[in-house]
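S.K.: Submitted below is the structure of interest, expressed as structure tokens.
Every number here is computed from the coordinates shown, using simple stated rules; none is lab data. The model shown is predicted, which means the values in this text are computed figures rather than measured ones. Cβ atoms come from the backbone with ideal geometry, glycine included; neighbour counts cover every protein chain shown.
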Amino acid sequence: MVRRCRLIALAFVGGVFLAFPSAGSALSAMFIRLGPSGPAPTVVTVWGSLYPVWENTDTVAHTVSFANGLCSFQVAPGQIGQCSTGWQLGEHPYTVDGTFQASIVKVLAGRSVTLSARSHTIKRGAHLRLHGLLDYSIGSPPVFYSDMPVTVLARHNRQHVFQAIATVAKRVRRQSSGGFPWQLYVHPERTTVYIAEASSDGDTWQPAMSRPFKVVVRR
């Protein structure tokens, strides 16, 4: 069954077309043109909350149909259309008018997380503030508040595995210099190695892990 395309507002920002299905939506779109020679580009990679939108720049209607039954819709000349269903990870082949072959590839958006402190050495009984930044890769949709928790793990020697000791940065605002700050005060009784980790959240963000940070406890 053919689904009619749904109209959405478009804006051109930084060389990328952005589409907003409803007022205030933070989602953004990768723009695909439909013309006499088929879709352009033929392979589009989307990540995070990005999603594909098709614009018909031709003088006749074109039909987009996905091989896996994800959706099928017709786009009239000068109009735009998109799938109303969600995108799972992997490749999604489709055809335009049953002739031109193309595909959408959904991948996880990249992230990074750092861990640091004022010193690698403290006196026994002292506290130390661990801190860092959680950030996403260039090209990902803008995120102004983080709902991406950072977990701090620790171990005392190589014979032990890292164990989670705290989860931080559940809801913080992005800094103007880039990244979401997090911090945790620790009180190690002996020499400890710490790692910060941002786990994968399913179909949006890649997992990320900081470099190990060793804190030596002196008497």
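S.K.: Using a 7 Å offset from the Cα along the Cα-to-Cβ direction at both Leu108 and Ala166, what is the distance between the two label points in nm, to one decimal?
M.R.: Output for this residue pair reads 2.6 nm.
S.K.: Going by how many other Cβ atoms sit within 10 Å of their own, how do Arg118, Arg219 line up, fewest first?
M.R.: Details: Arg118 9, Arg219 5.
Neighbour counts put them in this order, fewest first: Arg219, Arg118.
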